[in-house]
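Below is one structure, written out as structure tokens; comments come after it.
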Amino acid sequence: MNCLTLCQRVRREGVIRVIDDQVEEFDEMSGLELWLSDLSTDSATRNLGAFLLGIGGALGIIIGIMLISGNVSDILSGQMEESGGTADINGIVISELVGNSSGGNGVEGVEVTLFDEEGLVAGSDSTDSGGRFSINDVPRRAVVLEIEHPGNITVQVSLVPGDHSQISVTLVEGEGINEIDMLGESHLGESVIIATIFAVFALLTGFAGIAGALEANKGTSYRKTWWLAFFSLWSGGMIFVGPLFTLSGMGLVGLSRNQFYDVYSKED
């Protein structure tokens, strides 16, 4: 037997041994493992993952655009349509506490008048025996509540109906007007800033999802795709729908990770 024949025989036996090992390996794999193995090598898996990442990112962008295009200040300050844009004003008027002996009781018959932004009367009521009053179905806009009673200082409270569950007013003997501003307690300015930051963040993370989808479709860098998809999770598109699409896309991209150049080039 010459050298060439011997080499060919060794090579043939080696190939047969490799094939036998692969057959044994496939025999030991379950149906699910074989199915996942087929999916991991199919480019359609990676492309579907890229498509789902794109949907998740697009939903985040839509949410960001809706938040920015809407008048956040009007939404947060309660400037809603007349259908459902009303609230009740409930409160109690008590007498001034004098020492430890008297006062602190509800005052009956106190006139409570509500004025709108133009100074027109928008509602009124008189306190009952317990000092309580209620003005119902008031539009959620800035109003002034005036509590007036003979021999006591008139109290004017600026507020937005619905921002406070109950208004408590203490009558103090004397003359003049005591103005109380309860509008600033809603922290509207801070709320508008926070809402705007959230809208910009949703836009940026949504665009990260789109970039991740394009990167997955090219199949160049698995690491870059994964990080872009991870940032896209925080876009919050449609609350949980967008992140669900993104997570599904990340799962498919992870399954087909060996199709990315930066992965299979290292293995080679």
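The values are calculated or read from the model by the stated rules, or taken from the named source; none is laboratory data. As the structure is a computational prediction, the values presented were derived from the model and not from experiment. Virtual Cβ from ideal backbone geometry, glycine too; neighbours counted across all protein chains shown.
Brief remarks follow.
- Scanning the stretch 147-174 for residues that are over 11 Å from Val110 (Cα atoms) and hydroxyl-bearing (Ser, Thr, Tyr) returns Ser158, Ser165, Ser168, Thr170.
- Test: residue in the stretch 187-201 that is in a loop (DSSP other than H, G, I, E, B) and at pLDDT below 85: yes
- Residue match in the stretch 158-174 (condition: farther than 25 Å from Asp88 by Cα, of a type in the set (S, T, N, Q) and modelled with pLDDT under 90): no
- For first residues located in the stretch 217-242 and assigned to a helix (DSSP H, G or I) and modelled with pLDDT of 90 or more, partners that are among the hydrophobic types (A, V, I, L, M, F, W, C) and surrounded by fewer than 17 Cβ atoms within 10 Å (Cβ to Cβ) and lie 6+ apart or on another chain with Cβ distances below 6 Å form the pairs Tyr222/Val263.
- Matching residues, the stretch 65-87, being at pLDDT below 85, surrounded by 14 or more Cβ atoms within 10 Å (Cβ to Cβ) and in a helix (DSSP H, G or I): Leu67, Ile68, Val72, Ser73, Ile75, Leu76
- Of all residues making up the stretch 88-113, the number that are at pLDDT below 90 and assigned to a loop (DSSP other than H, G, I, E, B): 8
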